[in-house]
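These notes concern the structure reproduced below.
The values are calculated or read from the model by the stated rules, or taken from the named source; none is laboratory data. Here the structure is a predicted model, which is why all the values come from computation and not from measurement. For neighbour counting, all protein chains shown are included, and Cβ atoms are generated from backbone atoms with ideal geometry for every residue, glycine included.
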Amino acid sequence: METKDKSFSMKLTAKKKQRSGNFSQTLLKWIQIIPVSFWMLLLVVIPLLYVLLMSFMSRNYYGGLVYKFTLSNYSQVFDWQNLKIYGQSIWIGLLSTLICLLIAYPFALFTAQKGPIAKMILMTLVIVPSVSNSLVRLFSWVTLLRRTGVINTVLEKLGIINQPLTMVYNTGGIVLGMSYLLLMFMIIPIFNSLDRIDHDLIEAAADLGASKWQILKEIIIPLSMPGVFAGCIMVFIPSLGYFFVSDVMGGGTSIMMGNLIENQFQVSRNWPFGAAISVMLIALTLALLVVFQHRGGKMEDLS
């Protein structure tokens, strides 16, 4: 009987320790989650909810908010003049995305085949320029490409051109600025996808007689598609909202979706309409993310 009592007591003590350990782990998890959740709620969820609420409000003659429910802001979103701006923004975004993809994929493929030190150096060269201010880098391009800039001056002195080329303050300048600023966001997810490919698959395909083109077409490209799609999202969506690129590289000649939103808050003082456009842009982002996950993509591919 004493042996049974000791065995029962030991089991009871073990269960108490297990419960205490589980409680400690749960408490530790909550301690880690609560601060992050609080800041996400304060800095992300509440502002987004406020923007959503504002999009259904009205404004008075002086541009102040009137808390009166209306759907007129969303009907104004689909006005013909605004649709043309959306179309131009989407065209520039798609063109910038395509250029980034054509540059990023060969570079990421080249980098993924290198050793650890070479990979670190090459990716560092990609990331380091982003440390400097985007406006400073854009104005550097303007200094190089404007009609009285460095490139035109050199080409004229060499006799290659008779008159300066217009390389900025147009749509081409905007696309150049977008592609330059967002190229890193295309390279990183593609590189991550390529770097995770099992090299045994490539070696096996080569041993079976597959050519380099067949390996690229049948193995590398299909396995890297999640990274490609993630990179396209990370380039296309910001390109719709980077209003300062249009201002600096386009000289204000083209109005994009980001410029339209900025003007509603800074110039027209029509905050409800600006909020409605912002909500539509957020909805577009969420729709692309749903498509991305539906096609087998993972959120870590976006990082």
**OP:** May I ask you to list the residues in the range 251-290 that are assigned to a loop (DSSP other than H, G, I, E, B) and either closer than 14 Å to Asp79 by Cβ or modelled with pLDDT of 85 or more (or both)?
**Re:** Ile255, Met256, Ser268, Arg269, Asn270
Subject >> Unmet requirement for Leu65, which otherwise passes all of (1) surrounded by fewer than 17 Cβ atoms within 10 Å (Cβ to Cβ); (2) out of contact with any Phe, Trp or Tyr (no Cβ under 7 Å at 6 or more places or on another chain) >> reply: (2)
Original post:
Among the residues of the range 169-192, is there at least one that is modelled with pLDDT under 90 and either assigned to a loop (DSSP other than H, G, I, E, B) or over 30 Å from Leu284 (Cβ atoms) (or both)?
Top reply: yes
**OP:** Just give me the residues in the range 235-246 being surrounded by fewer than 21 Cβ atoms within 10 Å (Cβ to Cβ) and farther than 24 Å from Tyr74 by Cβ, in sequence order.
**Re:** Phe244
Original post:
Quick one: which of Leu138, Leu145, Leu122 is surrounded by 14 or more Cβ atoms within 10 Å (Cβ to Cβ), free of Cβ contacts under 8 Å to residues at least 60 places away in the same chain and closer than 22 Å to Val248 by Cβ?
Top reply: Leu145
